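One structure is given below, encoded as structure tokens.
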Amino acid sequence: MDMNKIVCYCNNVTIGMIKEAVDSSASTLEEVQEITNAGTVCGSCINDIQHLIEEFLKERDG
């Protein structure tokens, strides 16, 4: 997975930034949005962000 790939173009948020948010304690879309601002402008990336959060939670929590 390319950690430098942009997920949220409105706020220039990358996959790596989403992963960092999850690794640092975020476990919900709202918590990731609070940390990164991803998905807070147009919202078109919210499904992608949610999918990434779920994947990173699986990695984090085993």
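The values are calculated or read from the model by the stated rules, or taken from the named source; none is laboratory data. The model shown is predicted, which means the values in this text are computed figures rather than measured ones. Reconstructed Cβ throughout: ideal geometry from the backbone, glycine too, with neighbour counts over all protein chains shown. For accessibility, only protein heavy atoms count, side chains too; no ligands or nucleic acids. Shrake-Rupley method; radii C 1.70, N 1.55, O 1.52, S 1.80 Å.
Within the stretch 4-15, none of the residues are of a type in the set (Lys, Arg) and within 9 Å of the chain's Cα centre (by Cα).
Pairs are defined by a Cβ separation below 8 Å, a sequence spacing of at least 6 or placement on different chains, a first member in the stretch 19-33 that is in contact (Cβ under 8 Å) with a residue 24 or more places away in the chain, and a second member that is charged (D, E, K, R) and open to solvent by 30 Å² or more (accessible area, probe 1.4 Å); the pairs so defined are VAL22/ARG60; ASP23/ARG60; ALA26/GLU34.
Please count how many residues of the stretch 33-53 are out of contact with any Leu (no Cβ under 8 Å at 6 or more places or on another chain) and either closer than 15 Å to LYS5 by Cα or basic (Lys, Arg) (or both). Give the derivation first.
Our first condition is that a residue be out of contact with any Leu (no Cβ under 8 Å at 6 or more places or on another chain); within the stretch 33-53, this holds for 33-38, 40-45, 47-48, 51-52.
Filter again for either closer than 15 Å to LYS5 by Cα or basic (Lys, Arg) (or both), leaving 36, 38, 45, 48, 51-52.
So the answer is 6.
Within the stretch 2-50, the set of residues being assigned to a loop (DSSP other than H, G, I, E, B), touching a helix residue (DSSP H, G or I) at 6+ places or on another chain (Cβ under 9 Å) and open to solvent by 60 Å² or more (accessible area, probe 1.4 Å) comprises ASP2, MET3, ASN4, LYS5, SER24, SER25, THR40. Within the stretch 1-18, the set of residues being without any contact (Cβ under 8 Å) to a residue 12 or more places away in the chain and aliphatic (A, V, I, L, M) comprises ILE6 only.
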